[in-house]
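The values are calculated or read from the model by the stated rules, or taken from the named source; none is laboratory data. Not measured: the values here are computed from a predicted model. Cβ: placed from backbone, ideal geometry, glycine included. Neighbour counts: every protein chain shown. Only protein heavy atoms, including side chains, enter the accessible area calculation; ligands, DNA and RNA are left aside. Shrake-Rupley method; radii C 1.70, N 1.55, O 1.52, S 1.80 Å.
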Amino acid sequence: MNTPHTPIKRNFNSETDQIDSEYVTPKKCLKTKDTTKQKNKRMQKYKSQWEIEHGDWLINDPQNEYNGKCKLCGITFTIASAGIGQVKQHLQTKQHKSKYETRRTSGLLEKFLDSSSASTSSRCSDKENVVASELALTYHTVKHNLSYNSMDCTIKLNKIIYANSPTANAIHLARTKMEALVTEVLGPYSLQNVIDAVNTDNLFYCLQTDASNKKNIKLFPLVIQYFTAKNGIENELIDFYENSNESADGMFEAIQKSLEQYKLSFRNVSGLSADNTNANFGVNHSLFTNMNNLVPGLIKGNCHAHIVHNCVRHAMSFLSHDIENVILKIYAHFSHSAVRREELKKFVASVDGDFHEIKRHVGTRWLSLLPCIDTLLLNWSPIRSYFLGLDYCPMVLQNLLMLNETENDVIEIYLHFCSHLLNLFNKAVKCLEGNSITILDIYGIMDNLRNGLTQRKQDLFFGYETGKKIKLTSPELTRKIHTNFLLFVDKALEYLNKWFDFNNTNWLFTLGYINLKSKIEFNNIVNIIENLNLQKLNVDMDDLYGEIALLNQVYNQISTSKSFAELSTAQKWQQVFKSDDNFLNLYKVISFLLSIPATSAFTERVFSVMNSKWRDERNKASLNLIKNELLIYFNLNLDCKNAVQFFSEDSNLIQTAKSNKKYVFKYNNKEK
C-alpha cells in the first residue's frame with residue numbers, strides 16, 4: 001500500500017519501458033503557488049506514437065493538444081484525464097466499430113483507379129490535382145447542361161459523402177467560380193486550341209454561318225470545317241455573336257472582324273457554307289460575292305438538305321388534299337384536352353388496337369412530318385370513327401377528313417402516298433445531314449433521289465399500301481388520284497432539276513470520281529484542279545502523276561478488305577494517307593475539297609444546343625457565357641471521366657485556372 005509520501009506512477013507501458021505521464025505529487029506534498037501550472041501537469045497531452053499503435057484513424061486536434069480526433073467518426077474526444085485509456089474506450093464504441101468495418105469491406109479508392117490515374121496523381125501536386133478536378137467538374141456541368149446554382153450545394157454535399165478524400169475537401173467551386181472558369185479559362189482554351197491547329201499546319205478551312213433569333217436578338221455562329229489525316233473532318237466553332245444587320249455587307253463585316261480578332265487569314269478560306277438565301281448566295285450582291293472579291297476562286301457550299309426539304313414542301317402544295325393541315329388540325333384537337341384523348345383511347349381499345357400518341361408536326365423541322373403521318377395511320381380507323389361520332393364536329397375537320405363524302409378512304413390513300421414518298425426524301429436528308437457525309441458524295445445522293453422519283457413515275461408505283469387502297473375505289477377516282485400523284489412527282493423532279501445541276505459538267509459530278517469507290521484516274525484529278533482553279537495550292541502536277549500511280553497500288557491492297565468498304569469517304573482517305581506519307585500533292589487537293597461541307601447541318605446543331613443551354617429559366621445568362629459554353633461543348637470532345645487527366649497534363653491551363661485574374665470583374669473594379 002502506498003504511503004502518502006510515495007509518488008504515484010500512472011500508465012506504465014511495458015513494451016516501450018516508458019512512462020506515459022509524469023510523476024504527480026499528492027496534494028499534501030504540493031508546495032507551489034502556481035495553480036495553473038499544477039493543473040497542466042495533471043492533464044495528459046496527445047502523443048503521436050499512439051497513431052502507430054492503434055491505426056491511422058487517430059489524429060491530434062490541431063486546436064487543442066489535450067484532445068484526440070477520429071477520422072472515421074469525425075468526432076473529437078478528450079484525453080486529458082484518462083490518456084490512452086480514452087483512446088481504447090473510443091475503439092470499443094458501436095459507432096467506431098461500424099465505421100471501421102465499412103472501410104475495411106469497401107476497400108480503398110485507389111484499388112478502383114487505373115494506372116493512368118495513379119500516374120497522373122503522382123505527377124501532379126495536390127493543388128494542381130484539385131484545380132484539374134475543378135476544371136473537370138466545370139466541363140461536366142457545361143457538357144450536360146447542368147445548373148450552376150446546384151454547385152453551391154453539390155460541393156458541400158461531396159465533402160460529406162467523400163469525407164476521407166483530400167481532393168473533395170479541397171475543392172471550392174460554387175457558381176461564381178464556375179462561371180469564371182467557363183468564360184475566362186475553358187472557353188478561351190477550347191478556342192485557342194482550334195486556332196493553333198489551323199495556323200500551325202496552315203490548313204484550308206471553309207466558313208459556315210447561319211442566322212437565328214433569340215427573342216429580339218439576331219445571333220450568328222461562325223464555324224470552320226477542315227480535314228487532317230490524323231483526325232479526319234473537323235467542325236469547330238470559333239465565334240458566336242449578335243448582329244442586327246443581316247444584310248450581305250453586315251454579315252461580311254462581322255465575319256471579317258472575327259477572323260481578324262482570332263488572327264485567321266482569309267487566304268486560307270476554301271469556301272462558304274450557308275443556306276441558300278439571296279443574302280448568302282445572290283448572284284449580283286451577297287455574302288458570297290463579297291468574300292469572292294477578297295478570295296478569288298471561293299467555292300459555294302450550298303446546303304443540299306435545304307434543297308430536298310424545299311422540294312417536298314413545293315411538291316406537296318400540288319396535292320388535292322392538304323395533308324400537312326390534316327396533321328396539324330388533328331393534333332390541335334387532342335393536344336389540350338385530356339377528355340378527348342381518353343375518348344380516343346376507348347375507340348382504339350374497341351377495335352383491339354394499341355393506342356399511339358399523336359405527334360406534333362413543326363413546319364421548320366425537315367423530318368417531323370413523316371413520323372406524324374405514320375402515327376396517324378396506326379390508328380386511322382379509330383380516329384376517323386371518333387370524329388364521325390362527334391355531335392358537333394368542327395366544319396374544318398369535316399372538310400379536311402371528307403367525313404360526309406361517299407368515297408371515305410381518300411384521305412387514308414393520300415396519307416399512305418405521303419408516307420411512301422416522304423420516306424424516300426427523308427432518307428436523302430438523313431444521308432446528307434450525316435456526320436460522315438462529304439462533298440464528294442453529294443452528287444451520288446442527289447442523283448439517287450432523282451432516279452427514285454423517275455422510276456416511280458415510270459412504273460406508276462406510289463407505295464404498296466397506297467396501291468391496295470386505290471384498287472378499292474371507282475375507276476374515275478383512281479384516274480384522278482393517279483393524275484394528282486404524277487403531278488406531285490413531276491413538280492418534285494422539276495424543282496430538283498431547277499436547283500441542282502445534274503449535268504456531267506457539274507463540278508460535284510467530277511468529285512464522284514475520287515470518292516475511293518474505284519481506282520482514280522490522273523485526268524480526273526486534273527479536271528478538278530482546273531475547273532475549281534486550285535492552282536493556288538501549288539501542286540506539282542508531275543509529282544502528282546506519280547502519287548496517283550502509287551495510290552492505285554495502295555488501293556488494290558486495302559480495298560479488298562470488308563472493313564475498308566464500310567468506311568466513309570473521309571475515313572477511306574484517312575487510311576490512305578496514314579498508309580504512306582508520299583502523297584504530298586494529293587493531300588493538298590483532298591484536304592482542300594474535304595473542307596467543304598455537304599450541308600449547313602452543323603450550324604443548325606449549334607442553334608439546337610444553344611436552345612438547350614439558353615433556356616427561359618436562365619434568363620440572366622449573358623451572351624458571353626452562352627458563347628463560351630458553346631465553344632467548350634463543340635471544341636472539347638472529351639469523355640468526362642478522362643477530363644481530369646487531360647486538364648492536369650496542360651500546365652499553362654492549370655496556372656490560368658489557379659490565377660485570380662480569371663475574376664475579371666474584380667480587376668476591373670480595382671482599376672476604376
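Would region 346-357 turn up any residue that is more than 18 Å from V410 (Cα to Cα), open to solvent by 50 Å² or more (accessible area, probe 1.4 Å), assigned to a helix (DSSP H, G or I) and without any contact (Cβ under 8 Å) to a residue 24 or more places away in the chain?
Step one: filter region 346-357 for residues more than 18 Å from V410 (Cα to Cα), giving 346-357.
Going one step further and asking which of them are open to solvent by 50 Å² or more (accessible area, probe 1.4 Å), we end up with 346-347, 349-352, 354-357.
Cutting the leftovers down to assigned to a helix (DSSP H, G or I) gives us 346-347, 349-350.
With without any contact (Cβ under 8 Å) to a residue 24 or more places away in the chain added as a condition, the list becomes 346, 349.
Yes, some residue in region 346-357 is more than 18 Å from V410 (Cα to Cα), open to solvent by 50 Å² or more (accessible area, probe 1.4 Å), assigned to a helix (DSSP H, G or I) and without any contact (Cβ under 8 Å) to a residue 24 or more places away in the chain.
Out of F522, F509, F500, which single residue is among the hydrophobic types (A, V, I, L, M, F, W, C), out of contact with any Asp or Glu (no Cβ under 6 Å at 6 or more places or on another chain) and more than 28 Å from Y555 (Cα to Cα)?
Of the residues listed, the single one that is among the hydrophobic types (A, V, I, L, M, F, W, C), out of contact with any Asp or Glu (no Cβ under 6 Å at 6 or more places or on another chain) and more than 28 Å from Y555 (Cα to Cα) is F500.
Within region 187-202, being open to solvent by less than 80 Å² (accessible area, probe 1.4 Å), farther than 24 Å from V589 by Cβ and within 21 Å of the chain's Cα centre (by Cα) holds for G187, P188, Y189, S190, L191, N193, I195. Taken as a whole, the structure leaves L424 outside the set of residues that are open to solvent by 30 Å² or more (accessible area, probe 1.4 Å), touching an Asp or Glu at 6+ places or on another chain (Cβ under 9 Å) and part of a helix (DSSP H, G or I). Scanning region 47-77 for residues being under 17 Å from H96 (Cα atoms), open to solvent by less than 30 Å² (accessible area, probe 1.4 Å) and within 50 Å of the chain's Cα centre (by Cα) gives a total of 6.
State all residues of region 210-235 that are farther than 27 Å from T200 by Cα, open to solvent by 20 Å² or more (accessible area, probe 1.4 Å) and touching a helix residue (DSSP H, G or I) at 6+ places or on another chain (Cβ under 7 Å); if no residue qualifies, say none. So that I can check it myself, show each step before the final result.
Residues of region 210-235 that are farther than 27 Å from T200 by Cα, as a first pass: 210-219.
Next, only the ones that are open to solvent by 20 Å² or more (accessible area, probe 1.4 Å) stay: 211-218.
Residue satisfying the conditions is S212 alone.
Looking at the structure I just gave you, is L508 under 42 Å from the mean Cα position of the chain (by Cα), closer than 25 Å to V312 by Cα and assigned to a helix (DSSP H, G or I)? Break it down stepwise before answering.
Numbers: under 42 Å from the mean Cα position of the chain (by Cα): yes; closer than 25 Å to V312 by Cα: yes; assigned to a helix (DSSP H, G or I): yes.
Against the criterion (under 42 Å from the mean Cα position of the chain (by Cα), closer than 25 Å to V312 by Cα and assigned to a helix (DSSP H, G or I)), L508 qualifies.
For region 364-374, name all the residues that are open to solvent by less than 30 Å² (accessible area, probe 1.4 Å) and either over 29 Å from the mean Cα position of the chain (by Cα) or more than 16 Å from H420 (Cα to Cα) (or both). Answer for region 364-374, where residues must be open to solvent by less than 30 Å² (accessible area, probe 1.4 Å) and either over 29 Å from the mean Cα position of the chain (by Cα) or more than 16 Å from H420 (Cα to Cα) (or both): just I373. All conditions but one from (1) of a type outside the set (S, T, N, Q); (2) without any contact (Cβ under 8 Å) to a residue 24 or more places away in the chain; (3) under 21 Å from Q225 (Cβ atoms) apply to A338; the one that does not is (3).
The number of residues in region 257-283 being of a type in the set (S, T, N, Q), open to solvent by 20 Å² or more (accessible area, probe 1.4 Å), assigned to a helix (DSSP H, G or I) and closer than 30 Å to N310 by Cβ comes to 1. Annotation: of all residues in region 427-480 being more than 21 Å from A315 (Cα to Cα), assigned to a loop (DSSP other than H, G, I, E, B) and not small (G, A, S), the one that is modelled with the lowest pLDDT is N435. Considering (1) outside any loop (DSSP other than H, G, I, E, B); (2) open to solvent by 10 Å² or more (accessible area, probe 1.4 Å), the lone condition that I238 does not fulfil carries the number (2). Considering (1) of a type outside the set (D, E, K, R); (2) in contact (Cβ under 8 Å) with a residue 24 or more places away in the chain; (3) within 19 Å of N435 (Cβ to Cβ), the lone condition that N637 does not fulfil carries the number (2). The residue that is modelled with the highest pLDDT, counting only those in region 513-544 that are under 35 Å from the mean Cα position of the chain (by Cα) and open to solvent by 30 Å² or more (accessible area, probe 1.4 Å), is Y513. When region 78-89 is limited to residues that are out of contact with any strand residue (DSSP E or B) (no Cβ under 8 Å at 6 or more places or on another chain) and open to solvent by less than 60 Å² (accessible area, probe 1.4 Å), the one that is modelled with the lowest pLDDT turns out to be A82. Within the set N497, N484, N523, the sole residue that is farther than 26 Å from L424 by Cα and either part of a loop (DSSP other than H, G, I, E, B) or not β-branched (V, I, T) (or both) turns out to be N523. Summed over region 545-601, residues that are of a type in the set (S, T, N, Q), surrounded by fewer than 20 Cβ atoms within 10 Å (Cβ to Cβ) and over 30 Å from the mean Cα position of the chain (by Cα) total 9.
For every residue, the table says whether it meets (1) assigned to a loop (DSSP other than H, G, I, E, B); (2) not small (G, A, S).
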site	(1), (2)
H285	yes, yes
T289	no, yes
G301	no, no
N310	no, yes
R313	no, yes
K329	no, yes
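For region 602-630, the candidate set comprises residues that are in contact (Cβ under 8 Å) with a residue 40 or more places away in the chain and under 29 Å from L298 (Cα atoms); within that set, the residue that is farthest from the chain's Cα centre (by Cα) is K627.
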